[in-house]
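One structure is given below, encoded as structure tokens.
The values are calculated or read from the model by the stated rules, or taken from the named source; none is laboratory data. The structure presented is a predicted model; accordingly, all values stated were derived computationally and were not measured. All Cβ positions, glycine included, derive from the backbone under ideal geometry; neighbour counts span all protein chains shown.
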Amino acid sequence: MSIEKKFKGVIVPAVTPLTSTFAIDESAVEKIFNNFYANNSSPFILGTTGEAPSLSLQQKKDYVQAAAKFKKPGTILYAGISSNVISESIDFANYCGDHGVDAVAATLPSYYVLTEGQMKKYFEDLANAIAIPLIIYNIPATTHMSIPLSIIDELSHHPNIVATKDSERSDERLQQSLELWKDRTDFGHFLGWAARSAEALLGGSDGLIPSTGNVFPGIYKKMLEAVEAGNKELAYEMQQHSDTGGNLYQSGRTLGESLWALKVLMQERRLCQAVVMPPLQSQGEEQAAELVQHLQQINFN
């Protein structure tokens, strides 16, 4: 990992804490952010884990304002701006830039299947139109398209495109990405596939974006410190903890169901309520109690 880079380290894709009336829970934002900062992690709001596609524009703006309010001086704040309407992404990116956000991330629009040329043009147009650094976010699980590494590499030379976040589960793609960008000082690689966190950091990735960090941010703090110290054994020990923590709320669940389960764990930690935006729903008290029981059996972090 290059120490010269501004954008690096552990970036946690924060849940969106909601009240029972689906308003942004400001007190929970403060608690969540303080938990990140205590573990040297940066917040990334309004991504997949943040249920961003289900939130209204006003909810998103409210979250940005709350995030700016509780942002620790000298830290980096990231926000997602993905939309199927490019003008909405542009407008919201500029709003973020005016309210304390340091960099924004965007996926491909997710309705039409796009050609490689269309993908490239989309990100070029977006980067040209906004006044804040842009991160290319590749997540085929939700967009149903994979951005070719060759396209990202071409875009990596755009002066306003600073990094990629890759959540595609492919060992070959990860290794190719590291070969392309691990030595670049002007472009970063972040992995959003928690199961390969230690491998990515040891291979030269600039950082991680793990949803499990909402509950166990200390795992990734220790993992990063272990990698920086050259302690592979400890890094892989933290990887095992990451796998255990992730399986706790993800195993046997869809992505949407796992977000409710994640908030149940966070509620047990007194970080936020277990309220999710429709169409996501609670899976009931019995499953919640089972999640809490399993959480209590975990003794790391």
Sole residue being aliphatic (A, V, I, L, M) and surrounded by fewer than 19 Cβ atoms within 10 Å (Cβ to Cβ), chosen from Ala93, Ala103, Ala38:
Ala38
Helices (runs of 4 or more DSSP H) enclosed by segment 201-301 - at least 3 residues per element that are of a type outside the set (A, V, I, L, M) and farther than 20 Å from Phe190 by Cα
232-250, 255-268, 285-296
Can you find a residue that is charged (D, E, K, R), under 18 Å from the mean Cα position of the chain (by Cα) and surrounded by fewer than 14 Cβ atoms within 10 Å (Cβ to Cβ) anywhere in segment 172-180?
no
Every listed condition ((1) at pLDDT 95 or above; (2) in a loop (DSSP other than H, G, I, E, B); (3) within 24 Å of Leu259 (Cα to Cα)) holds for Tyr111 save (1)
Which residue, of Ile11, Ile76, is in contact with a strand residue (DSSP E or B) (Cβ under 6 Å, 6 or more places away or on another chain), part of a loop (DSSP other than H, G, I, E, B) and touching a residue at least 24 places away in the same chain (Cβ under 8 Å)?
Ile76
Could you check segment 88-108 and list, in sequence order, the residues that are part of a loop (DSSP other than H, G, I, E, B) and within 23 Å of Met145 (Cα to Cα)?
Thr107, Leu108
Being assigned to a loop (DSSP other than H, G, I, E, B) and among the aliphatic types (A, V, I, L, M) is the filter; apply it to segment 35-57 and report the residue that is nearest to the chain's Cα centre (by Cα).
Leu46
Got a number for residues in segment 144-200 being assigned to a helix (DSSP H, G or I) and either modelled with pLDDT under 95 or of a type outside the set (S, T, N, Q) (or both)?
20
Segment 197-211, residues that are crowded, with 20+ Cβ neighbours inside 10 Å and either without any contact (Cβ under 8 Å) to a residue 40 or more places away in the chain or touching an Asp or Glu at 6+ places or on another chain (Cβ under 6 Å) (or both):
Ala200
Going through (1) crowded, with 21+ Cβ neighbours inside 10 Å; (2) in contact with a helix residue (DSSP H, G or I) (Cβ under 6 Å, 6 or more places away or on another chain); (3) not in a loop (DSSP other than H, G, I, E, B) one by one, Glu30 fails only at (1)
Looking at segment 147-166 only, could you name the residues that are more than 19 Å from Ser89 (Cβ to Cβ) and surrounded by 16 or more Cβ atoms within 10 Å (Cβ to Cβ)?
Leu149, Asp153, Ser156, Asp166
With the first residue restricted to segment 25-50 and required to be free of Cβ contacts under 8 Å to residues at least 24 places away in the same chain, and the second required to be surrounded by 24 or more Cβ atoms within 10 Å (Cβ to Cβ) and β-branched (Val, Ile, Thr), Cβ contacts under 8 Å at 6 or more apart or on different chains are none
Ala163 vs (1) free of Cβ contacts under 8 Å to residues at least 24 places away in the same chain; (2) farther than 26 Å from Gln59 by Cα: all pass except (1)
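Collect the residues in segment 33-51 that are hydrophobic (A, V, I, L, M, F, W, C) and out of contact with any helix residue (DSSP H, G or I) (no Cβ under 7 Å at 6 or more places or on another chain), keeping them in residue-number order.
The answer is Ala38, Phe44.
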Pair list, Cβ < 7 Å and 6+ apart or interchain, from segment 226-242 residues that are in contact (Cβ under 8 Å) with a residue 24 or more places away in the chain to residues that are surrounded by 12 or more Cβ atoms within 10 Å (Cβ to Cβ) and hydroxyl-bearing (Ser, Thr, Tyr)
Gln239/Ser197; Ser242/Ser197; Ser242/Thr212
